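**Student:** Dropping a structure here in structure tokens format, bear with me for questions.
Computed from the coordinates by the stated procedures, all read-outs in this text should not be read as laboratory data. Because the structure is predicted, anything quoted here is derived from the model rather than measured. Cβ: placed from backbone, ideal geometry, glycine included. Neighbour counts: every protein chain shown.
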């Protein structure tokens, strides 16, 4: 008896995308912090 | 295309490992001034996260291409003369490929753990200096 073929998208779990979501959040947070620091630096308003 | 993406993903993993093997000892094992270590931390954190993101995103493309390969294999499914060996549409394929034990999934969490080390060191040297 043959089994039904499996689509990879049906085999996904909630934690499959977790590292990518955390990594994206980290990357965009990092980019935002660098952009804000650069902007404050250009404006000469860095507190240090 | 799928094989290209798969190879690309593992090349990025190698890049990730080589980068961290070279860069992390620069913070932990040298007598550099703290200002230099802070710069290494910030630049290292940025490079690390870009490589990690590129590696993890490749998985989405491989998953997409797997689904297209299944479509391709099922094109002449009804035709009795189209007998062939199924690979991507085989019921065991997804179970093996998307198992929670797959090495690339462990890599994702390992990459995040290394990110935490970079963030910790960046904050540590920032607080030390300012």
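**Student:** From Cα pairs below 8 angstrom and at least 6 apart in sequence, can you work out the relative contact order of the range B:18-130, rounded to a whole percent?
**Tutor:** On the way: 46 pairs, mean separation 46.5, N = 113.
Value for the range B:18-130: 41 percent.
**Student:** Under 10 Å, Cα contacts only: if you run a Gaussian network model on chain B, which one of B:115, B:81, B:103 comes out with the highest mean-square fluctuation?
**Tutor:** Between B:115, B:81, B:103, it is B:81 that shows the largest mean-square fluctuation.
**Student:** Something else now. What ranking of A:34, A:42 emerges when the number of other C-beta atoms within 10 Å of each C-beta is taken as an exposure proxy, fewest first?
**Tutor:** Numbers: A:34 13, A:42 9.
Listing A:34, A:42 from fewest to most nearby Cβ atoms yields A:42, A:34.
**Student:** Right, another one. Take the alpha-carbon positions of the range B:65-129, form their convex hull, and give its projected area averaged over all directions (one quarter of the hull surface) in nm².
**Tutor:** Numbers: hull surface 23.9 nm².
Average projection, Cα convex hull of the range B:65-129: 6.0 nm².
**Student:** Ok, one more. Working from the alpha-carbon coordinates of the range B:13-55, get Rg over Rh, Rh being the Kirkwood radius. Each step should come with its number before you reach the end.
**Tutor:** On the way: Rg = 10.8 Å, Rh = 10.7 Å.
So for the range B:13-55, dividing Rg by the Kirkwood Rh gives 1.01.
**Student:** Could you work out, for chain B, what percent of all Cα-Cα pairs fall into each 5 Å distance bin, beginning at 0 Å and stopping at the bin that holds the largest distance?
**Tutor:** In order of increasing distance, the bins hold 2, 9, 16, 16, 13, 10, 9, 7, 6, 4, 3, 2, 1, 1, 0 percent.
**Student:** For B:105, B:37, what's the fewest-to-most ordering of other Cβ within 10 Å of each Cβ? Don't skip to the end; give the middle numbers.
**Tutor:** Values: B:105 19, B:37 22.
Arranged by neighbour count, lowest to highest, B:105, B:37 become B:105, B:37.
**Student:** Let me confirm one metric for peptide B:68-77, namely the mean number of other chain beta-carbon atoms within 10 Å of its residues' beta-carbons. Working shown, then result.
**Tutor:** Numbers: counts 0, 1, 5, 1, 0, 1, 1, 0, 0, 1.
If you average over the peptide's residues, the count of other-chain Cβ atoms is 1.
**Student:** Provide a whole-number value for the mean count of partner chain Cβ atoms within 10 Å of the Cβ atoms in peptide B:122-130.
**Tutor:** On the way: counts 2, 0, 0, 0, 1, 0, 0, 1, 3.
Average per residue, whole number: 1.
**Student:** Rg (Å, one decimal) plus Dmax (Å, integer) for the alpha carbons of the protein assembly as shown?
**Tutor:** Cα-based Rg and Dmax for the protein assembly as shown come out at 21.8, 75 Å.
**Student:** Averaged across the residues of A:41-48, what count of C-beta atoms belonging to other chains lies within 10 Å of each residue's C-beta? Let's see the in-between values first.
**Tutor:** Numbers: counts 0, 0, 0, 0, 0, 1, 1, 3.
Counting Cβ atoms of other protein chains within 10 Å of each residue's Cβ and averaging gives 1.
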